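This report refers to the structure that appears directly beneath it.
Nothing in this text is a laboratory measurement; each read-out follows from the coordinates by a stated rule. Keep in mind that what you see is a predicted model, and the values were worked out from it rather than measured. Cβ placement follows ideal geometry from the backbone for every residue including glycine, while neighbour counts extend to all protein chains displayed.
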């Protein structure tokens, strides 16, 4: 047998072994990487879904937090991981659709290095202030920003993330200058918001709901396309008089590109079953996260449209990092 034929035979044997192993997938715990700090909306959502997926996969799904760089550090870790289905990413709009437009030197390319398994949720975000703040509406915020250029501060969870890009997009359209203060996670910003060192925050309904209930903070507008069942009396940004300023914040499940189709299909099936589980649905809705699910083809089409949206917004703001 020639060397060339030996190589072909070895490759065939290796491929057959890989396929056979994939059919037994999973046979050990699966890591679920959350690219943000513990306690935030992505983390809480991922943990609820991970627990349910574990039941359908027959193996534990273990959540690991790898925060930093608006989610891109965790995304890069998953992109570099073995394509065997045992490392998943809770990939949101930031590391998947926005940061790649902002940073041309990322160590990963979502379309080339990551495989979309399915959408998990759409998440409600709000503009929120300390309950003692004089800002009662979005107009109050913008009026103050016009009167004090560059002095009104706002937080997001990272430079070049969807919240940062969107706020700067709003500011440009309204001819404002705001002071952006990035944090690694929502929990880290709460103290500054409550003590008045921070004027306004863009936070998930998941994170602020307990603070709203206790009267410590006041949401002045929701950033999605519809009102939240968790905060039904809070108007949307459109209802507040600002059209086309919505921030669609979603979460999806991704694995390294090249993951065997058998593994991808099993993960997708487990995700759909988890999202249909009534206690999971109720838990997510209580947190301001709307379970989505659906087919992989539907999610791929959605991701394509999101790429166009964020390419336009990043170009408008000129944000780079």
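Structure summary
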item	result
Least to most buried among 36, 225, 254, 135 (fewest other Cβ within 10 Å first)	225, 135, 254, 36
Estimated Rh, region 125-222: Kirkwood, alpha-carbon pairs, angstrom	13.2
Listed residues 91, 241, 293, most fluctuating in the chain (Gaussian network, C-alpha, under 10 Å)	241
Dmax and Rg, reported as Rg then Dmax, of region 225-293 (C-alpha, Å)	16.3, 48
Pairs of alpha carbons in region 54-194 whose separation is greater than 27 Å (percent)	34
GNM flexibility winner over the chain from 266, 213, 281 (Cα, springs under 10 Å)	213
Gaussian network model of the chain, Cα within-10 Å springs - most flexible of 205, 230, 102	230
Sorted by Cβ density within 10 Å, fewest first, the residues 41, 153, 304, 111	304, 111, 153, 41
Rounded to 5, percent antiparallel among DSSP beta bridges of the chain	60
DSSP beta bridges in region 125-222 [antiparallel fraction, %, rounded to 5]	60
Ranked list, fewest to most other Cβ atoms within 10 Å of each Cβ, for 140, 279, 192	279, 140, 192
Gyration tensor (alpha-carbon) shape descriptor, region 162-285, a/c threshold 1.5	prolate
Prolate/oblate/rounded label for region 258-321 (Cα gyration tensor, a/c 1.5)	oblate
